[in-house]
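Here the structure is laid out as structure tokens; the discussion comes afterwards.
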Amino acid sequence: MTLIKSISGIRGTIGGEVGDNLTPIDAVKFASAYGTWIKQQRDKDNYKVVVGRDARISGEMIQNLVMNTLVGLGIHVIDLGLSTTPTVEIAVPMEHADGGIILTASHNPKQWNALKLLDAKGEFLNGEEGAKILKIAEGTDMTFADVDSLGKITVNSAYIDMHIDEVLDMDLVDVDAIKKANFKVVVDGVNSTGGIAIPLLLERLGVHPVKLFCEPNGHFPHNPEPLKEHLTDLSEAVVKEHADFGIVVDPDVDRLAFMDETGEMFGEEYTLVACADYVLSKTKGNTVSNMSSTRALRDVTEKHGGTYEASAVGEVNVVALMKKNNAVIGGEGNGGIIYPESHYGRDALVGVALFLSLLAEKKMNVSDLRASYPSYFMSKKKIQLTPGLDVDGILKTMEANYAHENLTTIDGVKIDFSNSWVHLRKSNTEPIIRIYTEAPSQNEADTLADRIISEIKAIANI
């Protein structure tokens, strides 16, 4: 069993020993540290934190522990109950709150849960802020409120509807065109809160949703990461229902992938590519994704006269670079759309609305749309290293060996070749080097990855 403490929150498996798993004591300790940090940001009379959760079996238990810990610190809580990560993100500034917590382990299996932490803007904490909370959690410098100063919990179950209102009000969401297109779409909600939010959004857009695994009971019917090998039921349903396409989201609804009308994956890397293509056709500007995302976004951006730049891996890093470059859209190749017109967070609802607007405008089916974009293929592999090996030294050697190529070293080593790339990153928790490659064919991507692995093994003498 596992407990992972990081700058972005605390994540672990339910049950087991304190300190080794996400037990009630660990949840309370970390919520106490976060609440203490919130109170350190500003000296004021009333503090407020928004809390929501996905549909995990452990969610209600963890949420009650977290909320009542905040109450004990004298912090008022807005309880969104079953919600989505982007919904909590937009609720924080709408509530003029001091922060937010989402109880979700994202695409991890059902035995996992996590506390994801937001600042007063509804955005994920940066490294410095997260480190401060980890330090607070290690100590005992936490003071709780007296009986007359306890916080209160206020339930507000309207925020998914309010989130949808915000999406429909965006300038580039062409509600009329989508309604006229009369789309039929199969939705795999992985029995979490996407099964609530996505069908509601589609109905508001005049799209006929066919619900698949949309009961928010936390019993995931398949591995909740939205990858092709986990989505055979969706593929079969799209074909059987003669649907225009399929939609799948992860349990907290910040990742989005599509399936075309033939039951083939559109490719979660291309979720951002398609949405960016639509936005850039209406709004001239720049884009950002992380270093492990497809080069197709760069191609589409340059086609529209914009500039593309890659950030270090991690949503907070993507957002920081988007702000610096005034990017009009960005995100991550795992199907995460970040559209500043809405908010600086990955949002599957925003992605669905932009994608539908693009389809309605193009008047083409999803397979043809995919064929219209530059075609790249990725390989994602890793090397298990012997503990004690100097991983940083290995990466430095690879950097030196490819010094004549276009290198980026803000997050591991990324080597850009003329028609392909490789990104090498070390794991923060185990002796592993991750090797991501992309090339014009799957064989080329796999061959490049295998070549790089052989070179690393030679350097490491393994």
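Take the residues in the stretch 108-127 that are over 15 Å from Glu315 (Cα atoms) and surrounded by fewer than 24 Cβ atoms within 10 Å (Cβ to Cβ), then tell me which one is nearest to the chain's Cα centre (by Cα). Only one residue tops the list, namely Asn108.
Taking the stated definitions as given, is Lys211 over 19 Å from the mean Cα position of the chain (by Cα), under 28 Å from Asn108 (Cβ atoms), not in a loop (DSSP other than H, G, I, E, B) and not assigned by TED's automatic domain parsing to the domain that holds Val28? Yes; evaluated as a whole, the condition is true for this residue.
Just checking, does the stretch 397-420 include any residue being among the β-branched types (Val, Ile, Thr), in a helix (DSSP H, G or I) and over 30 Å from Ala177 (Cβ atoms)? I'd like the intermediate steps shown before the answer.
Kept after step one, since they are among the β-branched types (Val, Ile, Thr), are these residues of the stretch 397-420: 397, 408-410, 413, 415.
Subset that is in a helix (DSSP H, G or I): 397.
With over 30 Å from Ala177 (Cβ atoms) added as a condition, the list becomes 397.
Checking the stretch 397-420: at least one residue is among the β-branched types (Val, Ile, Thr), in a helix (DSSP H, G or I) and over 30 Å from Ala177 (Cβ atoms).
Within the stretch 60-69, the presence of a residue that is of a type in the set (S, T, N, Q), surrounded by 20 or more Cβ atoms within 10 Å (Cβ to Cβ), modelled with pLDDT of 95 or more and in a loop (DSSP other than H, G, I, E, B) is excluded. Scanning the stretch 270-294 for residues that are within 19 Å of Leu321 (Cα to Cα) and under 19 Å from the mean Cα position of the chain (by Cα) yields Leu272, Val273, Cys275, Ala276, Thr287, Val288, Ser289, Asn290, Met291, Ser292, Ser293, Thr294.
Can you tell me which of Pro224, Pro209 is at pLDDT 95 or above and touching an Asp or Glu at 6+ places or on another chain (Cβ under 7 Å)? Let's see the steps before the verdict.
Values: Pro224 fails: at pLDDT 95 or above.
Sole residue among the options that is at pLDDT 95 or above and touching an Asp or Glu at 6+ places or on another chain (Cβ under 7 Å): Pro209.
Take the residues of the stretch 148-182 that are part of a helix (DSSP H, G or I) and of a type in the set (Ser, Thr, Tyr): which is nearest to Lys363 (Cα to Cα)? Selected residue: Tyr159.
Table: residues versus (1) assigned by TED's automatic domain parsing to the domain that holds Lys228; (2) within 24 Å of Pro221 (Cβ to Cβ); (3) assigned to a helix (DSSP H, G or I); (4) in contact with a helix residue (DSSP H, G or I) (Cβ under 9 Å, 6 or more places away or on another chain).
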position: Ala131; (1), (2), (3), (4): no, no, yes, no
position: Ile136; (1), (2), (3), (4): no, no, yes, yes
position: Thr143; (1), (2), (3), (4): no, no, no, yes
position: Val185; (1), (2), (3), (4): yes, yes, no, yes
position: Leu202; (1), (2), (3), (4): yes, yes, yes, yes
position: Gly206; (1), (2), (3), (4): yes, no, no, yes
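One residue alone among Ala460, Ala371 is among the small types (Gly, Ala, Ser), surrounded by fewer than 19 Cβ atoms within 10 Å (Cβ to Cβ) and more than 29 Å from Tyr270 (Cα to Cα), and that residue is Ala460. Within the stretch 307-320, not a single residue is within 26 Å of Ala181 (Cβ to Cβ) and buried (at least 24 other Cβ atoms within 10 Å of the Cβ).
Applying the condition of being of a type in the set (Ser, Thr, Tyr) and touching a residue at least 40 places away in the same chain (Cβ under 8 Å) to the stretch 350-391 and asking which residue is farthest from Ser427 (Cα to Cα) yields Ser357.
Scanning the stretch 335-349 for residues that are surrounded by fewer than 24 Cβ atoms within 10 Å (Cβ to Cβ) and either touching a residue at least 24 places away in the same chain (Cβ under 8 Å) or within 30 Å of Val238 (Cβ to Cβ) (or both) turns up Glu341, Ser342, His343, Tyr344.
The values are calculated or read from the model by the stated rules, or taken from the named source; none is laboratory data. It should be emphasised that the depicted structure is a prediction, and the values quoted were computed from it without experimental measurement. Methodologically, a virtual Cβ is constructed for each residue, glycine included, from the backbone with ideal geometry; neighbour enumeration extends over all protein chains shown.
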